[in-house]
Amino acid sequence: AQKVTQAQTEISVVEKEDVTLDCVYETRDTTYYLFWYKQPPSGELVFLIRRNSFDEQNEISGRYSWNFQKSTSSFNFTITASQVVDSAVYFCALSGYAGKSTFGDGTTLTVKP
Amino acid sequence: GAGVSQSPRYKVAKRGQDVALRCDPISGHVSLFWYQQALGQGPEFLTYFQNEAQLDKSGLPSDRFFAERPEGSVSTLKIQRTQQEDSAVYLCASSLEHGSYLNSPLHFGNGTRLTVT
């Protein structure tokens, strides 16, 4: 069975602060894929990044960066110099052999001006 | 269309009524998924189609839930004899990928918010 845990239910920061969203996963598959999605107040989940289980390189895209550590089964997401537009619910998801994605319960990020 | 389209956006049903929720995926996307999202929680898998074949329906909560995708494009999720616990947002997502591993991202619609009174 697959499981994704996002221990932080809500995070509130002031604009320009850095913030890290944690994600811990469980799976018995040796090949799997990890994703982060953003759900703004409008409701539509938007894909941010994908990682496969064989690629532990960290990735940076603008103000976003991701830290994948297989040894601790974690796939954390950092926003540098946060902005009000970053306010949303962020979901971590895992996809394995079954072909379906398992989502965490999300972290609600509020960035105050 | 450019994205996944779901209708209606909102649906209010009286307990015991049947409802049908429609999903129009991105053209050419092979895989189609239905998820249920309760307030404050992440999406929970319901069922998955590859073209017209329903490959996994393990997440459907009861036999009152039924999904179809007869021509491998538009899909309908039907809920019979709705109950209050069925109140949730129903999300449809499509993906280019087909096969055992889903490594393409999911493209989600805006969802249908179902309220059963």
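Read-outs throughout are calculated quantities, based only on the coordinates presented, and are distinct from any laboratory measurement. Everything numeric here is computed off the predicted structure, so don't read it as measured data. Methodologically, a virtual Cβ is constructed for each residue, glycine included, from the backbone with ideal geometry; neighbour enumeration extends over all protein chains shown.
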Lys pairs in the protein assembly as shown with Cα under 15 Å (8 or more apart in sequence, or on separate chains) total 7
Rg from C-alpha atoms of chain B, normalised by the globular rule of thumb 2.2 N^0.38 Å, equals 0.99
Of all DSSP beta bridges with both partners in chain A, the antiparallel percent, nearest 5, is 90
Diffusion coefficient in µm²/s returned for chain A by Stokes-Einstein, Kirkwood Rh over C-alpha pairs, 37 °C and 0.692 mPa s, is 231
dims of the range B:20-70, Cα set, principal axes, largest to smallest, nearest Å -> 32, 23, 19
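Given charges of +1 on the Cβ of Lys and Arg and -1 on the Cβ of Asp and Glu, with all other atoms neutral, how large is the dipole of chain B about its Cα centre, in debye to the nearest 20?
480
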In the range A:22-113, the GluC sites (Glu not before Pro) that sit in a DSSP loop and have at most 15 other Cβ atoms within 10 Å of their own Cβ are A:Glu56
For the A:Thr9, A:Val84 Cβ pair and Förster radius 25 Å, calculated FRET efficiency rounded to 0.05 is 0.80
Scan of chain A for trypsin sites (Lys or Arg not before Pro) in DSSP loops with at most 13 other beta-carbon atoms within 10 Å gives a longest site-free stretch of A:64-113
The size of the Cβ-based charge dipole (Lys, Arg +1; Asp, Glu -1) of chain A about the Cα centre, to the nearest 20 debye, is 220
GluC sites (Glu not before Pro) in the range B:44-117 lying in a DSSP loop, each with at most 12 other Cβ atoms within 10 Å of its Cβ, come to B:Glu71
Those trypsin sites (Lys or Arg not before Pro) from the range B:1-48 that are DSSP loop and have at most 13 other Cβ neighbours within 10 Å turn out to be B:Arg9, B:Lys14, B:Arg15
Each label sits 7 Å from Cα toward the beta-carbon; between B:Leu39 and A:Glu59 the label points are separated, in nm, by 3.5
Projecting the Cα atoms of A:Ile11, B:Gly109, A:Ser101 onto the charge dipole of the protein assembly as shown, where Lys and Arg contribute +1 and Asp and Glu -1 at Cβ, the residue farthest towards the positive end is B:Gly109
